[in-house]
Amino acid sequence: MDYFLALTVTGLVMGIIYALMALGLTLIFSILKIVNFAHGEFYMLGGYFTYYLVNHFTGLHPLIAVPIAGLGVALIGLFFELGFIRPIHLDKIERPGEYAILVTIGLSFFLMNIGLAIFGPYPHRPPSFFDAPVKLGFISISADRLTAGVLSVLLLLTLLILINKTWLGKALRAVSQDKQAAAIIGINHLRMNTLGFALGTGLAGLAGALLAPSFGVTPDVGAQPSIRSYVIIVLGGMGSIPGSIIGGIIIGLVESLGAGYFPDPSRGLNYKTAFGLIIFALVLLLRPRGLFGRKEL
Amino acid sequence: MEIEVKDLVQRFGGILALNHVSLKIESKQIVGLIGPNGSGKTTLVNIIGSVLQPTSGDIYLDGKRVTGLKPHEMVRKGVSRTFQVTRAFRRMTVMENMLVPALAVSPGHGRPALEKRAREVLDFLTMDHLRNDYARSLSGGQQKLLELGQLLMTDPQLLLLDEPFAGVHPRLMEKIFEYILEIHAQGKSFLIISHDMDSIFTLCQRLVVLSYGELIADGDPQVVKLDEAVIEAYLGEEVEDA
Amino acid sequence: MKITQHLRVPKPWIIGVLALCAALVLPLFIKSYWLHVIIVAYLYAILASSWSFLAGYAGQFSFGHMAFMAIGAYTSGLLGKYIALPPLLDILAGTLAAGLAGFVIGYLVLRFKAAYLALFTIAFSEILRMVLKGETQITDGDHGLKVVKLFGETISRLPYYYTILAVLGVVLVLLFALSSSRIGMFLRAIREDEEAAYARGVDIVHYKILAFVITSMMAGLSGSFYAHYIGLITPSMMVLPQMGLVIAMAIIGGVENLAAAAIGGILIQISLEVLRELGAWRLVFFGALLVVTLRFARNGLLAPLFQHLFAFGPRAEGRKETLVDGD
């Protein structure tokens, strides 16, 4: 029973962090109508930024590095959107559907190799946020993960407030529903696109920054989170916020319990993402719109 | 060739697009299909073309049940349709656009023979000089003609035309009339959706009217024009030339 | 060119024959190490051109190509490990296995729109990779599965070179033939507008699956050959960045021009070797080149060049348009 609870807690904590990242992907899909195939690489960048900041500025507490890293990643997303995605919405691109997929795949390839070129193939690990295991009754979980989880919850709540209660959030939702109608009432959909992409990639960066102390960063660290995010948004329904959150938690639990109860524990870890992928394949084949599928926020 | 749809019902989620529609079209008929917006005309054409499977009801070709055929199989049986917004293959040449349907329905024929036939059809449509141009460089009217040409390459018995006159300037429209009448003279049938009452009354020997998914009139255009139910269906709608 | 006028042979074929001659005598001029580089370059050429057929002609932007390659490689390898078949039969089996996988995947993704197709094939690729990596008892995972070499104890790379050259030649001829046939036209129509193609009588199910099966067999064949050439295969051959590299080759070459994609593959692979000292920055460069090419030179960098110099066909889109005024 202890084992089960421990796995569940881990699953929930990781699930929330996954949800944060998946939410970024869903936002991008919802507002810009494209799937960001480089999402995992923004996660990687978040990790590397954190590492770099803490290394470079001695005395900087890792927790402070996180939001800065997130911002840095968002800026990169912003510039990429301006240069390579905005043209789609300016009708400068032929066969925009194909282009969006290919250009983000290209970006993914590019970013990963930048990470490899600058930092090398070996893992880098920023120092822990807090250096102690935490005990909740009989369950122990690392403080880093717990912190990451708690911060993710806070970020999610902030984001939900932003989207539902602020003017900016409403503008984003308007563009996601009907960009022409939004334009008529004076919302600049191009700017909302850029903001949406920056926000979405920033969230991936934050997730990467939050988990970097726990898992370390390598150039390909984003591959699995990337896939996991696709799984979550398809499961939850592309473009659905509650979908990404609930989907994230489900996947977190599935991975944790699946790996934990796999007959051969050593292989169980290897197949962690596979459980989600099987769900993913099934959803695509049987109920493509997922749990809450709609296109708008 | 005789095509019959019996008791077609089409539901999209909660919306009833077609409500028990039955219709029979025989050889050498030009039938007009009219009705207010949203009355189910394109849905009906989609079902006849097998692009859409009806929620219930059947299609019969010469007495044989053909419900459930794939779109391309329906084309091979002699039923082809155009689209409301022309969908030629934009980045392929006019000739290639003509060859695709030709090759698709005549697997045995050699390409040179089909190219020759394509040129004949293009000539008929006075478009042969454009045969090596990309479809996307054609004007809107020319693209409509190209679609008609594509239909002809499938050797159809029934041509379903969805708004063939929309946005076409008068001179080209006359030509399209000519083509339709010539093709009709060869024994083919047409089912034409149009909002252009002038054209419908000029061309069609028979008029079918849909309103809210129901077939409310079917017969001689002059008689249907005066039908109360039809007039009521159009109340509140601008009728161009009643 | 007087000779061509006399022989009435269209120009592209002359180029092809010349290229073939050059390739045949190449081993005389280069060291064994570079022969290895070229062999691998030919493999990439097969992968890039077959992927460009699937994507650029049929419009199926699948990311499972390396998975099919791995299926070919591992089928070969595992058959060799457990049944000890002669390598040629292994290769045949690997090719067929990849074709079967291509059939299944092609069938499953029939109704998927572009992004879902991409996601599904990525998922398929990853699941396969995880299984290959995880089931170390069977596949030897990351340690690597040992595979009997095709030419046994021969140290020379020459037989491998000519074999893969022949395979590349066959693949290119086959792809060219397909693309200029009615199959090629149907696939292009499907890519242009699938629904319209269906409505014009094209059996889109049949042709989409056909494109998958043919190209997956080619990928599988190259995987099997690779296994019997290198002698050791690991799941890392099919990590997503490898797929990214093949995509880069096809796109930079020209995804709608099979020859350009193939040559793009060869050139990029050679460049990677030439620029070896730059380490990971080589890939950064090609990554950037990929993105910029997509944005500003959609038809690729090599394809327009070929069009200009040789009117090199076949291609999915080629001639200049004449803008004709309305009737």
Inspect all residues belonging to region C:122-136 and state whether any of them is at positive phi and either touching a helix residue (DSSP H, G or I) at 6+ places or on another chain (Cβ under 8 Å) or modelled with pLDDT under 90 (or both).
no
Being crowded, with 20+ Cβ neighbours inside 10 Å and over 21 Å from the mean Cα position of the chain (by Cα) is the filter; apply it to region C:80-114 and report the residue that is farthest from C:Leu232 (Cα to Cα).
C:Pro87
Just a yes or no: is a residue in region A:59-66 in contact with a Pro (Cβ under 6 Å, 6 or more places away or on another chain) and either within 14 Å of chain C (Cβ to nearest Cβ) or in a helix (DSSP H, G or I) (or both)?
yes
Restricted to region B:87-125 and to residues being without any contact (Cβ under 8 Å) to a residue 12 or more places away in the chain and of a type in the set (A, V, I, L, M), the residue farthest from the other protein chains (Cβ to nearest Cβ) is B:Ala113
Confirm whether A:Ser214 is surrounded by fewer than 20 Cβ atoms within 10 Å (Cβ to Cβ) and facing another protein chain (nearest Cβ under 10 Å).
no
Test result for C:Ile138, closer than 29 Å to A:Phe262 by Cα, within 14 Å of chain A (Cβ to nearest Cβ) and buried (at least 22 other Cβ atoms within 10 Å of the Cβ)
no
B:Ile176 fails exactly one of (1) outside any helix (DSSP H, G or I); (2) free of Cβ contacts under 8 Å to residues at least 60 places away in the same chain; (3) within 12 Å of chain C (Cβ to nearest Cβ); (4) not acidic (Asp, Glu), namely (1)
Looking only at region A:2-12, decide whether some residue is more than 14 Å from chain C (Cβ to nearest Cβ), touching an Asp or Glu at 6+ places or on another chain (Cβ under 8 Å) and not hydrophobic (A, V, I, L, M, F, W, C).
yes
Quick check on region B:53-69. Is at least one of its residues under 15 Å from the mean Cα position of the chain (by Cα) and either at the interface with another protein chain (Cβ under 8 Å from one of its Cβ atoms) or small (Gly, Ala, Ser) (or both)?
no
Can you find a residue that is within 15 Å of the chain's Cα centre (by Cα), at pLDDT 90 or above and within 21 Å of A:Leu71 (Cβ to Cβ) anywhere in region A:185-195?
no
Which ones in region A:228-262 are assigned to a helix (DSSP H, G or I), surrounded by fewer than 24 Cβ atoms within 10 Å (Cβ to Cβ) and within 14 Å of chain C (Cβ to nearest Cβ)?
A:Gly258, A:Ala259
For A:Ser266, state whether it is part of a helix (DSSP H, G or I), within 13 Å of chain C (Cβ to nearest Cβ) and not aromatic (Phe, Trp, Tyr).
yes
Picking from A:Thr50, A:Thr58, A:Thr10, which residue would you name as being out of contact with any helix residue (DSSP H, G or I) (no Cβ under 8 Å at 6 or more places or on another chain) and not aromatic (Phe, Trp, Tyr)?
A:Thr58
Per the filter on region C:141-156, residues within 20 Å of A:Lys272 (Cβ to Cβ), crowded, with 17+ Cβ neighbours inside 10 Å and more than 10 Å from every other protein chain (Cβ to nearest Cβ) are none
Filter region C:225-246 down to residues that are small (Gly, Ala, Ser) and either at pLDDT 95 or above or surrounded by fewer than 20 Cβ atoms within 10 Å (Cβ to Cβ) (or both), then give me how many there are.
2
So, in region B:185-224, of the ones that are among the small types (Gly, Ala, Ser) and assigned to a loop (DSSP other than H, G, I, E, B), which residue ends up nearest to B:Asp155 (Cα to Cα)?
B:Gly187
Which listed residue, of B:Asp155, B:Asp133, B:Asp128, is among the acidic types (Asp, Glu), within 14 Å of chain C (Cβ to nearest Cβ) and within 20 Å of B:Ile48 (Cα to Cα):
B:Asp155
Checking the structure you have, find out if any residue of region A:155-173 is under 22 Å from A:Tyr51 (Cβ atoms) and part of a helix (DSSP H, G or I).
yes
Output the residue which, of all residues in region A:275-287 that are touching a residue at least 12 places away in the same chain (Cβ under 8 Å) and facing another protein chain (nearest Cβ under 7 Å), is surrounded by the fewest Cβ atoms within 10 Å (Cβ to Cβ).
A:Leu277
Failed criterion for A:Pro127 (all others in (1) touching a residue at least 60 places away in the same chain (Cβ under 8 Å); (2) more than 7 Å from chain C (Cβ to nearest Cβ); (3) within 20 Å of A:Gly196 (Cα to Cα) hold):
(3)
Tell me, yes or no, whether region C:169-186 has at least one residue that is within 8 Å of chain B (Cβ to nearest Cβ), buried (at least 21 other Cβ atoms within 10 Å of the Cβ) and touching a residue at least 12 places away in the same chain (Cβ under 8 Å).
yes
What about C:Ala70, is it in contact with a Leu (Cβ under 9 Å, 6 or more places away or on another chain) and either assigned to a helix (DSSP H, G or I) or not aromatic (Phe, Trp, Tyr) (or both)?
yes
Taking region C:223-280 as the search range and keeping residues that are more than 18 Å from A:Ile114 (Cα to Cα) and charged (D, E, K, R), which one is nearest to the other protein chains (Cβ to nearest Cβ)?
C:Glu256
Being under 22 Å from B:Met173 (Cα atoms), touching a residue at least 60 places away in the same chain (Cβ under 8 Å) and surrounded by fewer than 18 Cβ atoms within 10 Å (Cβ to Cβ) is the filter here; which residues of region B:202-220 pass it?
B:Gln205, B:Arg206
From A:Leu190, A:Leu195, A:Leu203, which residue is part of a helix (DSSP H, G or I), under 11 Å from A:Tyr43 (Cβ atoms) and more than 14 Å from chain C (Cβ to nearest Cβ)?
A:Leu203
Is there any pair linking a residue in region A:89-105 that is within 7 Å of chain C (Cβ to nearest Cβ) and surrounded by fewer than 18 Cβ atoms within 10 Å (Cβ to Cβ) to one that is in a helix (DSSP H, G or I) and not aromatic (Phe, Trp, Tyr), with Cβ under 8 Å and at least six apart or on different chains, and which?
A:Gly97/C:Ala114; A:Gly97/C:Ala115
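The values are calculated or read from the model by the stated rules, or taken from the named source; none is laboratory data. Note that the structure is a prediction, hence the values are computed from the model and not measured. Please note: Cβ atoms are built from the backbone with ideal geometry, for glycine as well, and neighbour counts cover all protein chains shown.
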